[in-house]
1. So, in the stretch 567-580, exactly how many residues are open to solvent by less than 10 Å² (accessible area, probe 1.4 Å) and either at pLDDT below 95 or under 16 Å from residue 652 (Cβ atoms) (or both)?
2. Kindly evaluate residue 452 against the criterion of being out of contact with any Pro (no Cβ under 9 Å at 6 or more places or on another chain), more than 30 Å from residue 245 (Cβ to Cβ) and among the hydrophobic types (A, V, I, L, M, F, W, C).
3. In the stretch 188-229, what residues are without any contact (Cβ under 8 Å) to a residue 60 or more places away in the chain, over 22 Å from residue 135 (Cβ atoms) and of a type in the set (Asp, Glu)?
4. Return the residue satisfying two criteria in turn: it lies in the stretch 630-677 and is of a type in the set (Ser, Thr, Tyr) and not in a loop (DSSP other than H, G, I, E, B), and of such residues it is most open to solvent (accessible area, probe 1.4 Å).
5. For residues in the stretch 307-320 being in a loop (DSSP other than H, G, I, E, B) and in contact (Cβ under 8 Å) with a residue 40 or more places away in the chain, which is surrounded by the most Cβ atoms within 10 Å (Cβ to Cβ)?
6. How about the stretch 254-278: which of its residues are within 16 Å of residue 239 (Cβ to Cβ) and of a type outside the set (Ser, Thr, Tyr)?
7. Could you please let me know if residue 210 is modelled with pLDDT under 95 and open to solvent by 10 Å² or more (accessible area, probe 1.4 Å)?
8. Taking the stretch 244-268 on its own, how many of its residues are small (Gly, Ala, Ser) and in contact (Cβ under 8 Å) with a residue 60 or more places away in the chain?
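The values are calculated or read from the model by the stated rules, or taken from the named source; none is laboratory data. None of these values were measured; they are calculated from a predicted model. No Cβ is skipped: glycine too gets one built from the backbone with ideal geometry, and neighbour counts run over all protein chains shown. Note: accessible area is taken over every heavy atom of the protein model, side chains too, but ligands, DNA and RNA are not part of it. Shrake-Rupley method; radii C 1.70, N 1.55, O 1.52, S 1.80 Å.
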Amino acid sequence: MTARDVELDTSRRSAKRKRGSAQPQKIDRPYSFPLNFCAVLLASLALAASPTSSIPAQGDEFVGPFPSWTNVKTVYGAVADGTADDTAAIQQGLDELGKPGHSPVLFFPNGTYRITKTLVLASRISVSIVGEDPATTTIVWGGEPAGTMIWFNGVAYSRFVRLTLDGKRRASVAVEQSWDMKHPHFDTGNEYSDNTFLDVDYGIHGGFKGGGFAETTIRRSRFLRNAKAGVALGNFNALDIWIWHSLFEDCYTGVTNTPGAGNFHVYNSVFRRSAHADMAIGNTGGFSARGNYSVNSKAFFIGGSTNNPATIDIQQNTIIDPADSAAISLGNQGPGLITDNVIRSRPWATGPVVQWRSFMDADVTSVGNTFTIPNPVNSNGRLISIDDRVVRPSTIDPRQPELPGPLPNLHRHIVEVGAGASQREIQNAILAAVRKNGTRPVVHIPWGTYSIAETLIVPASDIQLVGDGYGTTLRWTGAGPGPMIRLMGPTKATLREIQFDGATRADGIVIEDVDQAGSRVYMGQAALRAGKRTNLFINGLDHTKVQLEDLGYAYSPDAVSIKVIGGPLSAGGKMTEGRTNIFSGASSGNRISYEVSGGAKVLVRDLWYESGAGPGFANIHDRALFTIDGSRIASPADGTLPAFNIINLAGRATILSTDLDDRIAISGNGARASVLCLGVMAERKSSNYLLNSALPPAQAVLLNSRQISILPGIRSAATANAGLADAELIRKMLSHTRGETPVPLNALPAGVTDARLFRVWVSNGLNNVVLNPGVIRGQTPNF
């Protein structure tokens, strides 16, 4: 595969803007503070307890609209009364969206927008289409039967959020995100959140015109009565579709790559009454379904027979009363991993509940699952079953978990930065907002490129720094190493929809004094690019929980992309609460993607990695706990460095359900090292991809794994098991991934860091993002 990114156009746009009439809540213009006041303010705030009452008890919030956004009613004349034809007005808005002199954000106020022809947005990057509220902002189809409502063609790093698309049972496709391969750009890095796709054949139909539909995030969306599929993937490059906290109700299939190809990962979503299946696959690859709930569907996860492998991880799902006896029926070779699911079958159902059989053989590992009928798991290859149990149906709790709704607009106080503002004006805006600490005020920086020659300081506070997407770029022009922006801890600050460019000379974002007991740093859909030393440096934390979702990090050929060092307690062997969890992501072109040491605990799930920068992927050394689960690691084979380089390990390294091009090597002192490779698919015809040269030898085990077959027509063959493993060792080695789940955001106590970054792009820094346990000496604020 080749890297699927596109270059982000960060050229400065004209300061002349079209302004809509939609006015947000009260807006302040910042004024200049005297220097001595700044020093006093910073000193007092650094000692103040962080507020908590302003942070939503659960989840987060929506901010906007802002004056820099273009209002489709006031600027283009859309009527939005449900009767008038708004097609031409909206199309004009799409034609001008993000063009020079035009805002990259098109805003739809409340109303019903009737369209009669397909809306088209082509060849754009870093734009946003934003509705006021999906409950009150609707686009309805009034065109010919079987039409497409919106086509995104070559659109990347963009957002489509807070809208309802109602096909009226006449439109076939609500959103066609399909690149025709004739226009720029490859479509990647897009977000669909807080949307409803209603009464269509397909909600999101992606990658059906040749290429594209990759690294796409779908969150808190509803797919209602989608007659063919809620989300459908159409080609082999339709990869890394991450679906979170969404509802699929009365659909034929919830998520599928048939007919088509590509892979998907579905998390914490709800499926009700799927007529065919909640999830279905034809062409194979790497898939996962984690933490979902299904009730009264025909089946949960299905796929036809083939002699091809598929690394599939099915974890912690609750499946209630599927119509088919086999709730999970897969016909590929695996290797599959099924852990901690609860499946209540209907009274007349018979086993197996999980049937996994290819034409030749299939390898399956089943651990800790709960069933209600005997003989629940069947495979025609190697089957490991540990701690699976059969219970009475009455003991199963059938209640559906509550899904989060669309993000609320809490109408925060806004400090508006003027277009083309100086660094000093941006700093003054931050300080003006900090004066309202405790109300989670917003500092809004409109689209454009801003010169930053000295570090921006965000004192310990709960402010939100918000741009207009990646079209808002802060670029370093100073002579020193920065950082560009420094968040003083313990912080409750939030960064949203903004880009930082370190110009190869400065650190990007430094968050310091973060390591209080119970602290958290959250990053959702962050994009970290071309860090010269690191893209993310987690520097000596014992207590902080770092939670990363749908993370992109790439193009650091001379760096360690993600470096995690444990704090002094962790390094000394103490049990600490700190950990780094990457629950989904995509990466490319790094020298070394991970370096883990010093007692750090790192979990990486559902990652797609493409190299291009030489051999090697992860260095795990000294005291460490590392697990990678459900990933594709396409690093060059047989180079000077192995994909996984495990040296002098005092701890555990576990590689699960992962497709590898290269080898796993263990060396140095192996006396305290345990390594488990379970459900690995090796893109090698030889079986020597786990190499244990440690002295004394490490405890190293290879189980239920596969490699490329030498026989025609059969893509993979079973690799012989190696090493000694009993049930207790497998439990121990799986405990890391089984014990970690994405934790919903919630308010944290005063004095505890709760830093949040949503769709923040950081590039070209020495270190793009750094998390420090304390204040770095010599870096006191200087105004």
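1. Residues flagged as open to solvent by less than 10 Å² (accessible area, probe 1.4 Å) and either at pLDDT below 95 or under 16 Å from residue 652 (Cβ atoms) (or both) within the stretch 567-580 amount to 2.
2. Considered against the rule, which asks whether it is out of contact with any Pro (no Cβ under 9 Å at 6 or more places or on another chain), more than 30 Å from residue 245 (Cβ to Cβ) and among the hydrophobic types (A, V, I, L, M, F, W, C), residue 452 comes out as yes.
3. Within the stretch 188-229, 201 is the sole residue that qualifies.
4. Checking each candidate, the answer is 667.
5. Among those residues, the one meeting the criterion is 309.
6. Within the stretch 254-278, 255, 257, 260, 261, 262, 263, 264, 265, 266 meet the criteria.
7. Yes; evaluated as a whole, the condition is true for this residue.
8. Counting residues in the stretch 244-268 that are small (Gly, Ala, Ser) and in contact (Cβ under 8 Å) with a residue 60 or more places away in the chain gives 1.
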